[in-house]
Amino acid sequence: MTFFRLWKKFKWLFLAAIIIVLTVAAHFDYFIYKTPIAEITNVKQVSSEATKDYYGNADHDITQKLTLKFLNTERRGQEIKISNEYFKSQVITQKYRVGQQILLSHKKWWSIIGQKRDAILVFTLALMLSLIIFFANKLSFQIILSLGLNFIFFLLAILFDINFVSVQPVVVFGVLTIIFAFITSFMVLGKTKQFLIVLLSTLLSTAAGVAIGALTINLNGSSGVHFEYMDYITQFPIPVFYSELLIGVLGASMDEASDISAMLLGMQRERSERAFKEYFVSGMNVGRDIVGSLTNVLFMVFIANTLPMVFLYLRNGNTWSYTIDMAMLLGLLSTIISAIAIVLTVPITSWLAATILTRGKKVKA
């Protein structure tokens with residue numbers, strides 16, 4: 001029995017073994033680190049104090065005594081003791097447990113940098129790629145390759161933006177949007193009519209949606225829109241906001257364009273002699289069904305990302321209007337502009353698909 005037959009028969013077993021091997025290897029890879037790494041061998045709680053602030057937020061301030069055993073560097077095998085103070089809520093502090101590996105630094109004394117999490121990261125990535133391979137079959141390699149290429153170009157765009165500050169971020173990430181759209185659609189769909197439809201429709205609807213949003217904001221003089229409230233911004237915020245918007249709108253538009261074009265190409269395979277109007281109307285009907293669910297998914301993602309900050313602002317005595325301005329307004333604005341692009345994707349994809357599929361064919365409507 002050849003390897004390929006064994007792979008086909010026991011694919012799930014091979015993938016599970018690969019995930020386990022990679023995760024275990026990442027757990028024991030501390031010898032490649034220059035940063036000191038230690039394993040927690042004992043944890044003792046030495047104090048716990050209830051705290052309460054002016055707004056009634058209750059928490060517990062807890063101090064741990066950690067016994068650590070070095071796993072690398074010249075101190076390998078040696079033990080030290082470190083105190084760790086954390087709050088029970090663990091918002092910006094962390095509770096440590098026996099068996100965890102942590103990164104350390106030493107200046108005047110030893111201190112904790114954070115937990116070593118590469119094994120968790122490797123497990124997550126390996127599981128994701130294994131699921132793609134298991135379910136995607138022939139497309140698995142193209143999907144994985146497109147993910148890898150997109151990630152590489154994303155890193156290059158970040159480095160370019162950091163090192164060439166004279167170039168506006170919206171230009172850099174506008175080009176990145178085109179690259180993302182091309183790589184994703186070409187690697188998954190190949191050199192087909194659907195690739196052309198999805199690529200053109202995605203780029204046109206993304207550009208149109210962001211342009212309408214930007215025009216509306218500028219006509220209103222950015223009244224009530226506080227771009228300066230963006231988290232951890234280190235440069236002029238407006239171009240960064242539109243850069244985020246381009247990437248965010250792209251995914252939703254491509255998803256919708258793929259669904260509509262796939263249905264219309266299915267219609268062509270059933271019967272090729274169809275009129276422009278038949279394709280266009282069918283695409284519009286399918287698009288109307290998709291728009292609602294996609295818009296709601298975007299809104300749910302926005303709510304999920306915003307909830308922690310909303311709770312934080314409200315629990316600390318801030319009003320709803322201030323909370324919305326600080327934590328929700330830009331997210332709501334992004335969701336609305338993305339929804340506009342999603343709506344525009346329907347007629348754009350329907351028109352493009354109908355035009356391409358009926359090109360050179362004279363069929364009575």
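The values are calculated or read from the model by the stated rules, or taken from the named source; none is laboratory data. Owing to the predicted nature of the structure, the values given are computational and were not obtained by experimental measurement. Using ideal geometry, Cβ is built from the backbone for each residue, glycine included, and neighbour counts are taken over all protein chains shown. Accessible surface areas use protein heavy atoms only, side chains included; no ligands, DNA or RNA. Shrake-Rupley method; radii C 1.70, N 1.55, O 1.52, S 1.80 Å.
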Mean ellipticity per residue at 222 nm, deg cm²/dmol - from DSSP H runs of n ≥ 4 across the chain, formula -39500 (n - 2.57):
-21000 deg cm²/dmol
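Summarise the accessible area of the chain (1.4 Å probe, protein heavy atoms) by the percent that is carbon and sulfur.
Carbon-and-sulfur percentage of accessible area, whole number: 66.
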For Thr93, what residues show an amide H to amide H distance below 5 Å, using hydrogens built from the backbone and excluding near sequence neighbours?
Phe87
So for segment 100-239, Kirkwood radius off the Cα pairs, Stokes-Einstein at 10 °C and 1.306 mPa s: how many µm² s⁻¹?
83
Derived scalar couplings ³J(HN,Hα) [segment 74-89; Karplus, 6.51 cos²θ - 1.76 cosθ + 1.60; whole Hz; x for Gly, Pro]
6, 8, 3, x, 6, 10, 9, 10, 9, 8, 10, 9, 9, 9, 4, 5
Label Leu307 and Asp59 with points 7 Å out from Cα along Cα→Cβ: what is the distance between them in nm?
2.0
Which of the chymotrypsin sites (Phe, Trp or Tyr not before Pro) found in segment 59-116 are loop residues per DSSP with 10 or fewer other Cβ atoms within 10 Å of their Cβ?
Trp109
Ranked output for segments 165-177, 47-59, 189-201, 241-253 by mean other Cβ atoms within 10 Å, highest leading, reads 241-253, 189-201, 165-177, 47-59
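Cα-Cα over 29 Å: which of Lys88/Lys116; Lys52/Lys107; Lys9/Lys193; Lys11/Lys116? Please list the in-between numbers first.
Numbers: Lys88/Lys116 21 Å; Lys52/Lys107 33 Å; Lys9/Lys193 34 Å; Lys11/Lys116 31 Å.
Pairs exceeding 29 Å: Lys52/Lys107; Lys9/Lys193; Lys11/Lys116.
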On Cα atoms only, tilt of 276-315 relative to the major axis of the chain in degrees:
20
Interchain or long-range residues, amide H under 5 Å from Gln100's placed H
Ile40
Return the FRET efficiency for the residue pair Val21, Phe87: r is the Cβ-Cβ distance, R0 is 25 Å, and the value is rounded to the nearest 0.05.
0.10
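So with the 1.4 Å probe, I'd like the accessible area per residue for the chain, rounded to whole Å².
Details: 22130 Å² over 365 residues.
Accessible area per residue: 61 Å².
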Using every pair of alpha-carbon atoms in segment 162-204, split the distances into 10 Å bins beginning at 0 and state the percent of pairs per bin, rounded to integers.
28, 41, 20, 10
Note down the Stokes-Einstein diffusion coefficient of the chain in µm²/s, whole number, using a Kirkwood radius over alpha carbon pairs, 10 °C, and 1.306 mPa s.
63
Ordering 33-41, 154-162 by per-residue average of other C-beta atoms within 10 angstrom, highest first, gives 33-41, 154-162
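Take every Cα pair under 8 Å in the chain that's 6+ residues apart, average their separations, divide by the length, and report that relative contact order as a whole percent. Spell out each step's value before the answer.
On the way: 445 pairs, mean separation 52.8, N = 365.
Once divided by the residue count of the chain, the mean separation gives 14 percent.
Might you report the magnitude of the Cβ-based charge dipole of the chain about its Cα centre, with Lys and Arg at +1 and Asp and Glu at -1, to the nearest 20 debye? Mind showing how you got there, number by number?
Values: 32 positive and 22 negative charges, 305 e Å.
Dipole of the chain, to the nearest 20 debye: 1460 debye.
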